[in-house]
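The values are calculated or read from the model by the stated rules, or taken from the named source; none is laboratory data. Source: prediction; values computed, not measured. In this analysis, Cβ positions are derived from the backbone assuming ideal geometry, glycine residues included, and neighbour counts consider all displayed protein chains.
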There are 2 protein chains.
Amino acid sequence: MFYFIGLGLGDAEDITVKGLRIVKAAKRVYLESYTSIITGGKEKLEEFYGREIILADREMVEQNSDEILKDADKEDVALLVVGDPFGATTHTDFILRAKELNIEYTTIHNASIMNAVGCCGLQLYHFGQTVSIVFWTETSKPDSFYDKIAVNRKNGFHTLCLLDIKVKEQTIENLMRGRKIYEPPRYMPCSLAAEQLLEIIENKKEDGETDLAFNEDTICVGLGRVGCANQKIVAAKLKEFPCIDMGEPLHSFIITGNMHLMEIDMLKMFALEPTTIK
Amino acid sequence: MFYFIGLGLGDAEDITVKGLRIVKAAKRVYLESYTSIITGGKEKLEEFYGREIILADREMVEQNSDEILKDADKEDVALLVVGDPFGATTHTDFILRAKELNIEYTTIHNASIMNAVGCCGLQLYHFGQTVSIVFWTETSKPDSFYDKIAVNRKNGFHTLCLLDIKVKEQTIENLMRGRKIYEPPRYMPCSLAAEQLLEIIENKKEDGETDLAFNEDTICVGLGRVGCANQKIVAAKLKEFPCIDMGEPLHSFIITGNMHLMEIDMLKMFALEPTTIK
C-alpha cells in the first residue's frame, strides 16, 4: 500500500496518531521537501519517529516517482507532505502514476493552510478562489492573480494568497551549464507580497484604470507560521504591510472582501491599530 | 489555557499526536456534537483517550459557553471539534467569548472537508465559494445557494456543497410546548441534494429562464465519509445522482466548473460511467 500522509502545519507532533502508526511500520518513508517547510525539518521528524526518512526533492517526486513507488504493491511505502497531501497539484500527478502502476493508495489527511486560515476569524465559506503570488524579477512581473482577486472582490469574497517558495532553484547560468548548484531557499514575506500588490495598483492607476479591485486602504490580513506555536496574525491596511515584520516563514496573505459582523469582531483581535477595522 | 482541538474526519486515531497529549492531560474535555459526526462516537473516543469526555450540544456551546470556559484561565480545558475547529461559525463566537473573559486559547488544527475534498482530484484553488444546501420542507424551499453556485460556475470555479445536518431538532409542537423531545438525527445524502438541485433548475426553466448556471448533465462529484476507511467518491452527471447510493453519512457534493486536464484524469478514476468524464 502507498500512503500519502499529511503532516499538518506546525512541528513533528502535528502528525495524526494514525499517520504516526503507519510511518513507524512502513518499509520506506519519504519526505516531500519543496512545497512547504516544517519546524525542525527532517532531523526533528526522524528523532520523533525513531526511524530514517528519505528527502524527496521536486526532481525526485516529479521525475523519479517510480523510485518512490517501487514495490508499493507488495510493501508499505509512505510519502510525507507538509499540510494536506492534496494541497499541491504535483501530488495529484503522483496519484495518477500510482494508479497506472496498479498500486493502491490511502490518504491520511491533515490541516493545510486552505482550512487553517480560518484561525484569523474570516469564515472559510466567504473565501473565493485561492491565488498564488510569485516572486517578481526585473524582467518578469506576472500579475494574472490580480484578475482573480478582482473577481473575488467583486463578489464580496476574501482572497487567500499563497506566497511563493523557491527551493533548490538554479541561476540561469548554472542551469545552462548543467551545474547542480542551488540558490539558498527563498520564502516570500507578506511585506513583499504587499509591495507587489501596491505596485500593480499603481501601474493600473497610471494606465488610467479607475475601477480598481482593491486599493492601498483595503483591509488585509498577514499570517505567519499558521499552526505553529509562534503563529502571528496581523490585520491592517494594505499600505501598512510593507513595513510590518511577520517574522520567519512561511507567510500567507489575505485580501478581505465584504466582512460580516463576527468577522470584524475577530479581526479586531489582530488589528495593528484598533481603529482600523470597522 | 483553553484548547480548541480538531479531530479530523475519520475515527479516533485521526487526532494529532499533539492533540492527544493535550486531551490526556486536560482537566475537562468537551466534545462538540452537532456540526459533524465521528466514527464510533463519544464511546470510542473515551476508550481511545482513556478518559471521560463531556458531550456539548448546540445549546451548551451557544448558550452556556461560560460553563465550558469555566476556570480555563487557571487550568487546561479542551473542546473537541470534528474536522477543524474553524469550520463552523459557532466556534468563532466561542473564541470571542473566551477573549471577553480574558482566557487564552490555542488551536490544534486538523483536516476538514474544506481541504480534504481535494482527494477527488479537483484542485482546491479552482474552487469558488462554498455553499450549504439545507433540507427543504413542504412550506420552505430556500434556494439562495443557487445564485452562489451561478457566480462560481460563471467564473469557472467548482462549488463545494456542504449538506445539511439536523441533530437534536424539535418538532414545532414539541418546541411550542417546551418539551425537550428530539427528532432522530438526519443527514442529507447526495441523492437528496441532487433532487433539490434538479428541482431548482426545473422551476427556473418553467419560469422561462434560459441562462441556467448548470443543468442535469453537469458533472458533479458525490463524496461519502471523506477521510474514513470506507470513503466513497463518485463522479457522474447531476441527473444520475438521485439514484446513486453513497452509503452512510456524512456526504458532501461538488458541482464542477471548468476542468483542467489533470482534474479530468483524476475524476475518471471515480466515474460512474468511464465515458461520462471527457
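Any idea how many residues of segment B:225-240 are more than 14 Å from chain A (Cβ to nearest Cβ) and farther than 16 Å from B:Thr159 by Cα?
Taking segment B:225-240 as the starting set, the residues that turn out to be more than 14 Å from chain A (Cβ to nearest Cβ) are B:234-240.
Keeping just the survivors that are farther than 16 Å from B:Thr159 by Cα gives B:239-240.
Residues meeting the conditions: 2.
Let me confirm something: among B:Leu124, B:Leu162, B:Leu101, which residue is surrounded by 20 or more Cβ atoms within 10 Å (Cβ to Cβ) and either within 30 Å of B:Ala25 (Cβ to Cβ) or in contact with a strand residue (DSSP E or B) (Cβ under 8 Å, 6 or more places away or on another chain) (or both)? Can you show your working first?
Values: B:Leu124 fails: either within 30 Å of B:Ala25 (Cβ to Cβ) or in contact with a strand residue (DSSP E or B) (Cβ under 8 Å, 6 or more places away or on another chain) (or both); B:Leu101 fails: surrounded by 20 or more Cβ atoms within 10 Å (Cβ to Cβ).
Among B:Leu124, B:Leu162, B:Leu101, only B:Leu162 is surrounded by 20 or more Cβ atoms within 10 Å (Cβ to Cβ) and either within 30 Å of B:Ala25 (Cβ to Cβ) or in contact with a strand residue (DSSP E or B) (Cβ under 8 Å, 6 or more places away or on another chain) (or both).
Give me the residue from segment B:7-18 that is more than 7 Å from every other protein chain (Cβ to nearest Cβ) and under 17 Å from the mean Cα position of the chain (by Cα) and, out of that set, surrounded by the fewest Cβ atoms within 10 Å (Cβ to Cβ).
Our first condition is that a residue be more than 7 Å from every other protein chain (Cβ to nearest Cβ); within segment B:7-18, this holds for B:7, B:10-12.
Filter once more, so that each one left must be under 17 Å from the mean Cα position of the chain (by Cα): B:7, B:10-11.
Values: B:Leu7: 27, B:Gly10: 25, B:Asp11: 19.
Checking each candidate, the answer is B:Asp11.
Report, by residue number, each residue of segment B:54-85 that is of a type in the set (A, V, I, L, M, F, W, C) and either in a helix (DSSP H, G or I) or within 23 Å of B:Glu169 (Cα to Cα) (or both). Before the answer, list the steps.
Of the residues in segment B:54-85, the ones of a type in the set (A, V, I, L, M, F, W, C) are B:54-56, B:60-61, B:68-69, B:72, B:77-82.
Matches in segment B:54-85: B:Ile54, B:Leu55, B:Ala56, B:Met60, B:Val61, B:Ile68, B:Leu69, B:Leu79, B:Leu80, B:Val81, B:Val82.
Among B:Phe94, B:Phe4, which is the only one that is within 20 Å of A:His109 (Cβ to Cβ) and hydrophobic (A, V, I, L, M, F, W, C)? Please lay out each step first, then the result.
On the way: B:Phe94 fails: within 20 Å of A:His109 (Cβ to Cβ).
One residue alone meets the criteria, B:Phe4.
Among (1) modelled with pLDDT of 95 or more; (2) surrounded by 16 or more Cβ atoms within 10 Å (Cβ to Cβ), where does A:Val82 come up short?
(1)
Being among the small types (Gly, Ala, Ser), farther than 22 Å from B:Asp265 by Cα and in contact with a helix residue (DSSP H, G or I) (Cβ under 7 Å, 6 or more places away or on another chain) narrows it down to one residue among A:Gly87, A:Gly40; which is it?
Numbers: A:Gly87 fails: farther than 22 Å from B:Asp265 by Cα.
Answer to the check: A:Gly40.
Mind listing whichever residues of segment B:92-134 are under 14 Å from the mean Cα position of the chain (by Cα) and more than 9 Å from chain A (Cβ to nearest Cβ)?
Scanning segment B:92-134 gives B:Ile133, B:Val134.
Keeping to segment B:147-159, report how many residues are crowded, with 20+ Cβ neighbours inside 10 Å, in a helix (DSSP H, G or I) and more than 9 Å from chain A (Cβ to nearest Cβ).
Here the count works out to 2.
What residue, among those in segment A:245-263 that are closer than 10 Å to A:Pro189 by Cα and among the hydrophobic types (A, V, I, L, M, F, W, C), is surrounded by the fewest Cβ atoms within 10 Å (Cβ to Cβ)? Steps first, answer last, please.
We begin by selecting, within segment A:245-263, every residue closer than 10 Å to A:Pro189 by Cα; these are A:245-253.
Remaining after also requiring among the hydrophobic types (A, V, I, L, M, F, W, C): A:246, A:250, A:253.
Numbers: A:Met246: 20, A:Leu250: 24, A:Phe253: 26.
Among them, the one singled out is A:Met246.
I'd like to verify a number: residues in segment A:177-216 that are within 28 Å of B:Ile108 (Cβ to Cβ) and in a helix (DSSP H, G or I), how many? Lay out the reasoning, then the answer.
From segment A:177-216, those within 28 Å of B:Ile108 (Cβ to Cβ) are A:185, A:187-190, A:193; that's our starting set.
Checking the rest, the ones that are also in a helix (DSSP H, G or I) come to A:190, A:193.
Of the residues in segment A:177-216, 2 are within 28 Å of B:Ile108 (Cβ to Cβ) and in a helix (DSSP H, G or I).
In segment B:217-227, is there at least one residue being surrounded by 16 or more Cβ atoms within 10 Å (Cβ to Cβ), over 24 Å from A:Ile108 (Cα atoms) and among the aliphatic types (A, V, I, L, M)?
yes
Do we have any residue at all in segment B:102-113 that's at negative phi, without any contact (Cβ under 8 Å) to a residue 24 or more places away in the chain and either in the same structural domain as B:Ala12 (by the TED database) or in a helix (DSSP H, G or I) (or both)? It would help to see each step written out before you state the result.
Taking segment B:102-113 as the starting set, the residues that turn out to be at negative phi are B:103-113.
Those left that are additionally without any contact (Cβ under 8 Å) to a residue 24 or more places away in the chain: none.
Looking through segment B:102-113, none of the residues is at negative phi, without any contact (Cβ under 8 Å) to a residue 24 or more places away in the chain and either in the same structural domain as B:Ala12 (by the TED database) or in a helix (DSSP H, G or I) (or both).
Restricting attention to segment A:170-202, and to residues there that are in contact (Cβ under 8 Å) with a residue 40 or more places away in the chain and polar (S, T, N, Q), which single residue is surrounded by the fewest Cβ atoms within 10 Å (Cβ to Cβ)?
The qualifying residue surrounded by the fewest Cβ atoms within 10 Å (Cβ to Cβ) is A:Ser191.
Among the candidates A:Ile172, A:Ile149, single out the residue that is farther than 26 Å from B:Ala150 by Cβ and in the same structural domain as A:His260 (by the TED database).
After applying the criteria, what remains is A:Ile172.
Of everything in segment A:19-34, what is out of contact with any Phe, Trp or Tyr (no Cβ under 6 Å at 6 or more places or on another chain) and either within 13 Å of another protein chain (Cβ to nearest Cβ) or exposed (fewer than 14 other Cβ atoms within 10 Å of the Cβ) (or both)? Give them in sequence order. First the steps, then the outcome.
Our first condition is that a residue be out of contact with any Phe, Trp or Tyr (no Cβ under 6 Å at 6 or more places or on another chain); within segment A:19-34, this holds for A:19-21, A:24-34.
Those that are out of contact with any Phe, Trp or Tyr (no Cβ under 6 Å at 6 or more places or on another chain) and either within 13 Å of another protein chain (Cβ to nearest Cβ) or exposed (fewer than 14 other Cβ atoms within 10 Å of the Cβ) (or both): A:Gly19, A:Leu20, A:Arg21, A:Lys24, A:Ala25, A:Lys27.
So, A:Lys42, is that one more than 9 Å from every other protein chain (Cβ to nearest Cβ) and at negative phi or not?
Working: more than 9 Å from every other protein chain (Cβ to nearest Cβ): yes; at negative phi: yes.
So A:Lys42 passes the test.
If you check B:Ala12, B:Ala26, B:Ala78, which single one turns out to be in contact with an Asp or Glu (Cβ under 6 Å, 6 or more places away or on another chain) and either of a type outside the set (Phe, Trp, Tyr) or not assigned by the TED database to the domain that holds B:Glu100 (or both)?
Numbers: B:Ala12 fails: in contact with an Asp or Glu (Cβ under 6 Å, 6 or more places away or on another chain); B:Ala78 fails: in contact with an Asp or Glu (Cβ under 6 Å, 6 or more places away or on another chain).
Matching residue, one of B:Ala12, B:Ala26, B:Ala78: B:Ala26.
Of these, B:Ala25, B:Ala12, B:Ala56, which one is touching a residue at least 40 places away in the same chain (Cβ under 8 Å) and either within 21 Å of A:Ala229 (Cα to Cα) or touching a Leu at 6+ places or on another chain (Cβ under 8 Å) (or both)?
On the way: B:Ala12 fails: touching a residue at least 40 places away in the same chain (Cβ under 8 Å); B:Ala56 fails: touching a residue at least 40 places away in the same chain (Cβ under 8 Å).
After applying the criteria, what remains is B:Ala25.
Filtering segment A:201-224 down to residues that are of a type in the set (A, V, I, L, M) and away from chain B (no Cβ under 14 Å), which residue is farthest from the chain's Cα centre (by Cα)?
Step one: list which residues in segment A:201-224 are of a type in the set (A, V, I, L, M), which gives A:201, A:212-213, A:219, A:221, A:223.
Going one step further and asking which of them are away from chain B (no Cβ under 14 Å), we end up with A:201, A:212, A:219.
On the way: A:Ile201: 24, A:Leu212: 26, A:Ile219: 21 Å.
This residue is A:Leu212.
When you scan segment B:32-42, do you find a residue that is in a helix (DSSP H, G or I) and more than 25 Å from B:Glu104 (Cβ to Cβ), even just one? Working first, answer last.
Just the residues of segment B:32-42 that are in a helix (DSSP H, G or I), to begin with: B:41-42.
When the remaining residues are screened for being more than 25 Å from B:Glu104 (Cβ to Cβ), the result is B:41-42.
Checked segment B:32-42: at least one residue is in a helix (DSSP H, G or I) and more than 25 Å from B:Glu104 (Cβ to Cβ).
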